[in-house]
Amino acid sequence: MIHVHHLEKSRSHRVLWLLEVLELDYEIHVYKRDPKTQLAPDALKNIHPLGKSPVITDGELVIAESGAIIDYLIQRYGNGHLQPSADNTLDWVDYRYWLHYAEGSLMPLLVMQLVFKKMPKQSPWFIKPVVKGIGDKAVQRFLNPQIKRHLSVIEAHLAKKGNFAGEWPSGADIQMSFPLQAISGTQAVTAYPAIAEFVQRIDADPAWQRVVERAGPLSMPGG
């Protein structure tokens, strides 16, 4: 039995999606965020020393990091599915790229955006205007242009390919699901129809619908 240590408002929904696609038995252990800090509870440190989610246990194995979890589950239980063969060089390279790109390039920008949004709320009242001003400038001058550039690259790829690599849904599609769902929930994606269609495809996927029935709808930190 695979155990998923699932933090509310976190990236572990996509791990549940993969488990449903693979039709594997699993058990969910739900952890609540601190209502004030929105941080994970200390109980998660009993599973992994960093106290982050997602984390899975499979027998004696403890595996953290979304990409590592997805890679492990597909390699061990995928029976050759959900990732392109190395014989198909272009799809195989695309798969590896997007699997690592999600957390290595895109998510840091989205996390910074969230941090700048929350900073004024957590600052003393007398410096809130200063903190908000600095944050707004950082978002407008650096983050927004960077995010738009990334979205344009993603949009071009999806408009051409339909998904990220191989047959739907590949591990890369599952890994990319969280940042694109996060963007679609907080920003207008009318300028990116292929991204919007990708997110709608997730919502319509029967395996994803089973996740929502079992773990509830995806929600974002601070949302």
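Structure notes:
- Between the range 7-58 and the range 152-174, the alpha-carbon center distance in angstrom: 26 Å
- Among the listed pairs Lys52/Lys161; Lys52/Lys117; Lys32/Lys132; Lys36/Lys148, those beyond 26 Å (Cα-Cα): Lys52/Lys161; Lys32/Lys132; Lys36/Lys148
- Candidate aspartates and glutamates for bridging to Lys160, where Cα separation is under 14 Å - those fewer than 8 sequence places away on the same chain excluded: Asp91, Asp94, Glu197
- Restriction of the GluC sites (Glu not before Pro) in the range 1-77 to DSSP coil positions whose beta-carbon has at most 10 other beta-carbons within 10 angstrom yields Glu23, Glu60.
- By DSSP, the beta bridges lying fully in the chain are antiparallel in about 55 percent of cases.
- Phi-based couplings in Hz for the range 62-70 (Karplus 6.51, -1.76, 1.60; Gly and Pro marked x): 10, 10, 10, 6, 3, x, 5, 5, 4
- Phi angles across the range 40-45 convert, under the Karplus curve 6.51 cos²θ - 1.76 cosθ + 1.60 with θ = phi - 60°, into 3J(HN,Hα) values of 5, x, 4, 4, 5, 5 Hz, Gly and Pro given as x.
Bear in mind that the values in this text are calculations on the coordinates, not laboratory data. Keep in mind the model is a prediction, meaning the values are calculated, not measured. Note that we place each Cβ from the backbone using ideal geometry, even for glycine, and neighbour counts take in every protein chain shown.
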